[in-house]
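Presented below is the structure to which this report refers.
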Amino acid sequence: MLPDHAAHLMRTVDSQVLELAPEYVLAYVCRGMYRALQSRLAEALDDTKRLGESTSWSPTAIRLHAAILRLIGDKPGAQKLMTKLGDGLEPLGFVEWYERMIEQRDIRAPWIAAHLLADRITSSRHWPALAMRMNLPESIR
C-alpha cells in the first residue's frame, strides 16, 4: 500500500495536471507507476503506451513501459523496448529499475523511494546497499 501523500499526489495528477497539460510526460510516468504498484496493469499499460514515441528520449519511460509489458507476460515486447536503450539488458523489475536510476545519477531516485515505491524498495533485501549508494543517513538504511 502506498502512503497517503502518494495517493493524494496521484489524485492531483488525475484531476489537475492531466486536465491542464494532457501531454505532460512525467504525469503519465508517475500515474503508470502508481497504477502498476496497485496491480492495475491494464491501466498502467495504457498510460505508458500513451507516452509512445514522444518519450523515446526517456530511459525512465522506456523501462517503465518494458517492466509493465513483462508483468503482463509480453516478454518479447518488453525486450524490443529495452533494445532502444542500447545496452542489451533484460527488462528490469522495480528494484533493479531503481538501482539503475541510482547508477545513472537520476535526481528523482530519493523522491521516488520516499513517495512512490516506498515499501516495495525499502523492504527489499537490496535496500541497505541502495541507500548506501545514495549516501542516505544511516538512520534510514
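Observations on the structure shown:
- Each residue in region 19-50 was checked for being surrounded by fewer than 21 Cβ atoms within 10 Å (Cβ to Cβ) and in contact with a Lys or Arg (Cβ under 8 Å, 6 or more places away or on another chain), and 3 of them qualify.
- Candidates ARG50, ARG63, filtered to the one that is in contact with a Phe, Trp or Tyr (Cβ under 6 Å, 6 or more places away or on another chain), at pLDDT below 85 and closer than 25 Å to TRP127 by Cα: ARG63
- Residues (among the acidic types (Asp, Glu) and loosely packed, with under 15 Cβ neighbours inside 10 Å) located in region 97-111: GLU103
The values are calculated or read from the model by the stated rules, or taken from the named source; none is laboratory data. Note that this is a predicted model, so its numbers are computed, not measured. Virtual Cβ from ideal backbone geometry, glycine too; neighbours counted across all protein chains shown.
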